[in-house]
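Throughout, read-outs are computed from the coordinates displayed, never taken from laboratory work. Only a predicted model underlies this, so the values are computations on that prediction, with no experimental measurement involved. Cβ: placed from backbone, ideal geometry, glycine included. Neighbour counts: every protein chain shown.
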């Protein structure tokens, strides 16, 4: 396989990118100046070195000058730590943040569970989520305890299936510690992905959660 087709194949591995669009990316790069390509190569090469995963919410964030294991959201003392929103991906978290309608904390699952999947626990960060919620509801932790878990998942089959799976997993823990489990309400149309929702839609979905 020549380099054009090899690179096209790599681009086609990106979410939502088909072979034709992947090939367009390659030709786009071939038409750019060397400085553009050098910067892109440098950013990609150092991506893993300069980005790390938050110890609490599992979102990716830029390493700072201090060795903090927490991202700026989890480390912000002004956030309402009694509310936890579970989202599928980092981009969903960013979409909710841009709406300015939520001041709680998050947990990023890292994906969603396809319907009929035989190993659902392997598709998401289930163990980390259960541990995180367990620590935030324990009586001896000395932290602000979670009182509400918001399932901020996509309004599509995979998102709804993931929400039901999480409800079943977390129901006993939530019941034991009097934690409410809610889902985003009206405002998100069926089939909608959180990433593509505007700020007003997110606000309505949060306002009408149930």
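Data for the structure
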{"item": "Footprinting exposure proxy for 137, 162 (fewest neighbouring C-beta atoms within 10 Å first)", "result": "137, 162"}
{"item": "Ellipsoid semi-axes in whole angstrom, largest first, where each is sqrt(5λ) of the Cα gyration tensor of the chain", "result": "34, 21, 17"}
{"item": "Segment 3-45: translational diffusion in µm²/s, Stokes-Einstein, Kirkwood Rh over Cα pairs, 25 °C, 0.890 mPa s", "result": "228 µm²/s"}
{"item": "Among 165-178, 123-136, 79-92, 36-49, the order from most to least packed when residues are scored by Cβ within 10 Å on average", "result": "79-92, 123-136, 165-178, 36-49"}
{"item": "Chain lengthening between residue 10 and residue 40 when straightened (0.36 nm per residue, less Cα-Cα)", "result": "9.3 nm"}
{"item": "Mean separation of Cα contacts under 8 Å, 6 or more apart, over the residue count of the chain: relative contact order %", "result": "16 percent"}
{"item": "Antiparallel bridges, percent of DSSP beta bridges restricted to the chain (to nearest 5)", "result": "25 percent"}
{"item": "The chain - mean residue ellipticity at 222 nm from DSSP helices (-39,500 (n - 2.57) per run, n ≥ 4, rounded to 500)", "result": "-13000 deg cm²/dmol"}
{"item": "Residue 82 versus residue 122: modelled label distance in nm, points set 7 Å from Cα along the beta carbon direction", "result": "4.1 nm"}
